[in-house]
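Chemist: Quick one: the structure is below, and I'll ask about it shortly.
Taken together, the values in this text are just the output of simple stated rules run on the coordinates, not laboratory data. Since this is a predicted model, take the numbers as computed values, not measurements. We place every Cβ from the backbone using ideal geometry, glycine too, and count neighbours over all the protein chains shown.
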Amino acid sequence: MSPDPAGRRSRVVMVEPALTQLGKLTANETHRLDRAIVAVSVNPQLGIEVPGTLLRDYADEVDGVRVIYYVTALRTVTIVAYVEA
């Protein structure tokens, strides 16, 4: 599925493991991570499927960040389970 042509994105919610990791990041790492989270909220198909789960794993090699997430059935909410930068 391609990004929404109207530029709409899903609402992003972070669960506890992601919030814990987020608290350990520097301002620069958080900035790089923000770009990746916006990208997956606009186009949730960016990440690769994690076999046997609803999770997707998106790694941005340029910014050096990784986001593990899943998207609700109506694609209105992206739930971020884990981040690293």
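Chemist: Report for the chain the percent antiparallel among DSSP-assigned beta bridges with both residues inside it, nearest 5.
Modeler: The antiparallel proportion sits near 75 percent.
Chemist: What relative contact order, as a whole-number percentage, does the range 23-85 give when Cα pairs under 8 Å and 6 or more residues apart are counted?
Modeler: Working: 88 pairs, mean separation 18.4, N = 63.
Computed value for the range 23-85: 29 percent relative contact order.
Chemist: Same structure, new question: Within 14 Å, Cβ to Cβ, of Glu49, how many net charges do the neighbouring residues add up to if Lys/Arg are +1 and Asp/Glu are -1?
Modeler: Within the 14 Å Cβ shell, the charges total 0.
Chemist: Further, regarding this structure: Calculated from DSSP H runs of 4 or more alone, at -39500 (n - 2.57) each and per residue, what is the 222 nm mean residue ellipticity of the chain, nearest 500?
Modeler: Only helices count here, giving -9000 deg cm²/dmol.
Chemist: Local charge sum around Leu25 (other residues, Cβ-Cβ under 15 Å, Lys/Arg +1, Asp/Glu -1)?
Modeler: -1
Chemist: Also, I was wondering about something else. Considering only the other residues whose Cβ falls under 14 Å of the Cβ of Ala36, what net charge follows from Lys and Arg at +1 and Asp and Glu at -1?
Modeler: On the way: positive: Arg9, Arg32, Arg35, Arg56, Arg66; negative: Glu29, Asp34, Asp57, Asp60, Glu61, Asp63, Glu84.
Around Ala36, the charge tally is -2.
Chemist: Looking at the chain from every direction and averaging, what is the projected area of its Cα convex hull in nm²?
Modeler: On the way: hull surface 22.3 nm².
With the hull built on Cα positions only, its mean projection is 5.6 nm².
Chemist: While we're on this one: How large is the convex hull of the C-alpha atoms of the range 13-60 per residue, in Å³? Please report the intermediate quantities before stating the final value.
Modeler: Working: hull volume 4.2 nm³, N = 48.
Convex hull volume per residue, Cα atoms: 87 Å³.
Chemist: If amide hydrogens are placed 1.01 Å from N in the peptide plane, which non-local residues have theirs closer than 5 Å to the one on Val65?
Modeler: Under 5 Å from the amide H of Val65: Asp60.
Chemist: Could you tell me how many degrees, from 0 to 90 and to the nearest 10, lie between the Cα long axis of helix 27-42 and the main elongation axis, the longest principal axis, of the Cα atoms of the chain?
Modeler: Once rounded, one gets 10 degrees.
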